[in-house]
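Working notes for the structure below.
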Amino acid sequence: MSQSKNTNNTRICPVSRKCGGCQLMNMTYPEQLKFKQAKVGKLLSGFHRVLPIIGMDKPFHYRNKVQAAFGRTRGGEIISGVYQSSTHNIVKTDSCLIEDKIADEIILTIRRLVKSFKLTVYDERAGRGFLRHVLVKRGFTTNEIMVVLVTGTSAFPSKNDFVKALLKEHPDITTIVQNVNNKFTSMVLGEREAVLYGKGYIEDILCGCRFRISPKSFYQINPVQTEVLYGKAVEFAGLTGKERVIDAYCGIGTIGIVASKGAGEVIGCELNADAVRDARVNAKINGIENISFYCADAGEFMLSMKEQNEKCDVLFMDPPRAGSDKKFLSSAVCLAPERIVYISCNPETQQRDLYYLTRNGYKVKKIQPVDMFPYTNHVETVVLLCKTAE
Ligand code: SAH
């Protein structure tokens with residue numbers, strides 16, 4: 001399918017225009033890779049030659065985290081699906097080309113069970129109703145499956161029977177969590193959580209390390225390409241076993257843990273407290289003792305490292321789409337690691353940050369794009385910067 005020209009995108013996905021999640025649906029996969037290569041080239045080739053993008057062999061059903069919003073049509077039918085881009089109108093979807101197939105099947109079952117249990121769905125305008133979203137995360141290697149039912153109220157009518165019915169249809173589910181979100185917000189998850197079945201988290205294996213994933217913590221959504229991405233990041237770091245490494249914006253500690261075997265010491269920093277808790281557990285379950293994690297804003301953390309005259313040989317940084325801030329970048333420059341490995345999901349903010357770093361003592365040595373999100377216009381890049389001789 002990826003070889004043929006998709007001139008009529010509705011043939012491949014009936015809701016692609018309304019959903020808007022897959023902006024490149026009208027391109028073949030090789031065309032998408034070319035498009036992304038050009039996008040990265042345009043933004044970053046001024047710093048260094050851009051290596052050829054690493055794509056997927058099978059660019060479908062790669063998303064191991066699937067989210068569905070629940071609501072009603074004007075006619076009263078209960079539906080689930082994705083929000084039409086830039087709106088809160090739900091586009092009914094039964095399956096999706098890029099989402100995990102099992103996750104989609106579970107969501108369809110829940111849609112059916114909601115009707116048979118006569119549960120209500122959440123009405124955003126009225127701020128009333130029960131089921132708001134369903135989030136499914138699946139461990140790619142372990143096949144552990146977590147279902148998070150996001151509800152508008154903490155009261156859950158027929159809770160035990162509902163859980164039993166869901167498990168009967170999908171015995172592969174390893175944990176079910178209720179998350180209560182009764183706020184007027186576009187955030188999917190609320191504060192309060194109750195484990196209804198299983199451990200309340202799943203585990204997965206990446207690059208030979210085991211990771212615990214909670215409902216709220218960030219975990220890369222394309223496990224196949226994440227191994228490629230982390231592999232490149234660690235390769236670029238050129239670790240010899242002695243280095244003091246910082247893993248900034250570390251999430252559940254994945255990059256730092258994968259890198260720790262080749263480093264002297266690793267320090268991870270992350271803002272999300274749940275992710276930090278997972279990161280500490282992850283270090284323990286992998287038997288890693290040369291790593292520690294701090295819950296802090298990465299900019300503040302780097303500043304305090306600088307103020308305490310701490311040493312850093314290699315800095316991994318993997319900020320969110322907005323990129324890093326001046327506080328972070330200026331402190332990083334003062335800490336003066338030999339190498340910075342900058343992983344980014346947004347080449348535009350990465351370009352901005354690279355301007356700063358290259359004006360302040362660093363030179364870009366490698367740029368490697370990786371296609372983590374086929375069919376969408378997103379692209380991930382790993383950039384190696386080295387300190388220039390003074
Ligand atoms: N490196 C991890 C996570 C990358 S996503 C991985 O590969 O899985 C970016 C992470 O940055 C998220 O976990 C997010 O919670 C965190 N984050 C966002 N803003 C931050 C800030 N100001 N300081 C520290 N961490 C931040």
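The values are calculated or read from the model by the stated rules, or taken from the named source; none is laboratory data. Bear in mind the structure is a predicted one, so any value in this text is a computation, not a measurement. Cβ atoms come from the backbone with ideal geometry, glycine included; neighbour counts cover every protein chain shown. To get the accessible areas, we keep the full protein, side chains included, count just its heavy atoms, and leave off ligands, DNA and RNA. Shrake-Rupley method; radii C 1.70, N 1.55, O 1.52, S 1.80 Å.
General observations
- Within the chain, helix-based [θ] at 222 nm, where runs of 4 or more DSSP H residues each add -39,500 (n - 2.57), nearest 500: -9000 deg cm²/dmol
- Over the chain, relative contact order from alpha-carbon pairs under 8 Å, at least 6 apart, %: 14
- Computed magnitude of the charge dipole of the stretch 65-203 (debye, nearest 20; Cβ of K, R +1, Cβ of D, E -1): 480
- Once backbone amide H atoms are built at 1.01 Å from N, N377 has Q23, L24 as its partners under 5 Å, excluding neighbours fewer than 5 places away on the same chain.
- When nucleic acids and ligands are ignored and a 1.4 Å probe is applied, L108 ends up with an accessible area of around 60 Å².
- Whole-percent carbon and sulfur share, accessible surface of the stretch 65-203, 1.4 Å: 49
- Ordering of 76-87, 225-236 by packing [mean C-beta count within 10 Å, highest first]: 225-236, 76-87
- E31 paired with R112, simple spin-label distance in nm, labels 7 Å along Cα-to-beta-carbon: 3.7
- Spatial separation of Cα centroids for the stretch 255-316 and the stretch 178-236, in angstrom: 18
- Rg and Dmax of the stretch 236-342, both derived from C-alpha coordinates alone, stand at 12.5, 35 Å.
- Based on C-alpha pairs under 8 angstrom that are at least 6 apart in sequence, the stretch 38-164 has a relative contact order of 22 percent.
- Overall dimensions of the stretch 207-268, expressed as equivalent-ellipsoid semi-axes from the Cα gyration tensor (√(5λ), whole Å, largest first), are 20, 14, 9.
- Sparse packing (at most 15 other Cβ atoms within 10 Å of the Cβ) combined with a DSSP loop state is found for the following GluC sites (Glu not before Pro) in the stretch 293-327: E310.
- Residue among P369, P171, P347 with the largest mean-square fluctuation in a Gaussian network model of the chain, springs linking Cα atoms under 10 Å: P171
- Amide H within-cut-off set for V370, under 5 Å, with H built and near neighbours excluded: I54, E380, T381, V382
- Residue-by-residue Karplus 3J(HN,Hα) for the stretch 204-215, coefficients 6.51, -1.76, 1.60, Hz, glycine and proline x: 9, 10, 9, 6, x, 10, 9, 10, 8, 10, 8, x
- Model label sites at E124 and E307, defined 7 Å from Cα along the beta-carbon direction, differ in position by 4.1 nm.
- Peptides 21-28, 372-379 ranked from most to least packed, by the mean per-residue count of other Cβ atoms within 10 Å: 372-379, 21-28.
- Quotient of Cα Rg and 2.2 N^0.38 Å for the stretch 131-220, N being how many residues it contains: 1.10
- For the chain, the longest principal axis of the Cα atoms and the long axis of helix 347-359 meet at an angle of about 20 degrees.
- Translational diffusion of the stretch 1-157, µm² s⁻¹ [Kirkwood Rh, Cα pairs; Stokes-Einstein; 20 °C; 1.002 mPa s]: 120
- Assigned charges on the beta-carbon of Lys, Arg, Asp, Glu; the stretch 1-151 dipole about Cα centre (debye): 340
- Protection proxy ranking, highest mean first, for peptides 92-103, 275-286, 176-187: 275-286, 92-103, 176-187, where packing is the per-residue count of other beta-carbon atoms within 10 Å, averaged.
- Calculated from the alpha-carbon coordinates, the stretch 65-203 shows an Rg and a Dmax of 14.0, 42 Å respectively.
- Long-range tail of P(r) for the stretch 311-390 (Cα pairs > 15 Å, %): 53
- The chain - Rg over Rh from alpha carbon coordinates, Kirkwood radius: 0.99
- Counting Lys and Arg as +1 and Asp and Glu as -1 over every other residue whose Cβ lies under 10 Å from the Cβ of P337, the net charge comes to +1.
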